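Okay, structure first, notes after.
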Amino acid sequence: MLTQELMDKYQLVVGLEVHAQLATSSKLFAGDANNFGAQANTQVSVITLGHPGTLPKLNLRALEFAVRMGLACESQISRKSSFDRKNYFYPDLPKGYQITQDKEPICVGGNVTLTLEDGTEREIQLNRIHLEEDAGKLIHSPEREESWVDYNRAGTALIELVTEPCLRSSEEAVVFLAEIRKMVMYLGICDGNMEEGSLRCDANVSVRFHGSETLGKKVEIKNMNSFRNLGRAIDFEYERQVGLLEVGQDIVSETRTFDADKGVTASMRTKEELNDYRYFPEPDLPPVILTEEWIEEV
């Protein structure tokens, strides 16, 4: 456990990336059904599987849901936005790239007001809200050497809500995620079911000396789908990083996973830099141009 002396010396800095699966009847760029729990690999098509010559088409309902969330968060709605390819090779990504928004997201900035347990209010600044497609799901079995891939989830419409690194405690992070869950459910854009993965988040955690304006090296904790475990993971990572710095070791910028049974994080891979993903404009989708009238309707 951290002593008060160490907590006064080091400041915790957290930013969250919240993924909300949009409650559309079909996927972001294809007409495949979007029902949780269907038999594996039955909600796929040549578009989802990335067959040569196939072309994506944007789901207008997903666009509406993204704008609805942006308006609720007081974000600036982009009159022109565009899609990009995020390239990486992983078995659950059938095309070998993910269609997302990099340079021109649908919503820019914004804020969400939190009320903490002691009654304190905090305004959390957002960096952006953007649209992207989900990946499939890898299924591992301890009884066999092989893993299975279920592509039903591939291509599902998501919004990713990215905060600035402005959260200062695990409590703030948990309250923020709970507030986002209430918002997406109230707006009718996501069912908020964290056990099924409809709402999940990644936590970027770093520490720095109190009073410093320079951010420390961040560690990303992936795929948190529980309020309690999000708080536990952040607290553990805060202590781990402070412990390393106190004995003169460097923090490695990496992606880690949280073991809920042991209450610890474990390394998955070193953290990719943005240029490792080779972002470039999605050539098969034109820019999205929104009129003032359409935004007003939303």
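The values are calculated or read from the model by the stated rules, or taken from the named source; none is laboratory data. A quick note: this is a predicted structure, and the numbers were derived from the prediction, not measured. All Cβ positions, even for glycine, are placed from backbone atoms using ideal geometry, and neighbour counts span all protein chains on display.
Some observations on this one:
- Of all residues in segment 1-42 being in a strand (DSSP E or B) and among the hydroxyl-bearing types (Ser, Thr, Tyr), the one that is farthest from Ala154 (Cα to Cα): Tyr10
- Residue pairs whose Cβ atoms lie under 8 Å apart, separated by 6 or more positions or on different chains, with the first residue in segment 46-68 and more than 14 Å from Lys27 (Cβ to Cβ) and the second aliphatic (A, V, I, L, M) and part of a helix (DSSP H, G or I), are Val67/Ile295; Arg68/Leu187.
- Only one entry in Ala233, Ala260, Ala203 is more than 20 Å from Cys107 (Cβ to Cβ) and either surrounded by fewer than 14 Cβ atoms within 10 Å (Cβ to Cβ) or among the basic types (Lys, Arg) (or both), namely Ala260.
- All conditions but one from (1) over 30 Å from Pro52 (Cα atoms); (2) out of contact with any Leu (no Cβ under 9 Å at 6 or more places or on another chain) apply to Arg278; the one that does not is (1).
- Test: residue in segment 73-88 that is farther than 22 Å from Val184 by Cβ, among the aliphatic types (A, V, I, L, M) and modelled with pLDDT of 95 or more: no
- Taken as a whole, the structure leaves Arg269 outside the set of residues that are out of contact with any Leu (no Cβ under 7 Å at 6 or more places or on another chain) and either surrounded by 13 or more Cβ atoms within 10 Å (Cβ to Cβ) or modelled with pLDDT of 95 or more (or both).
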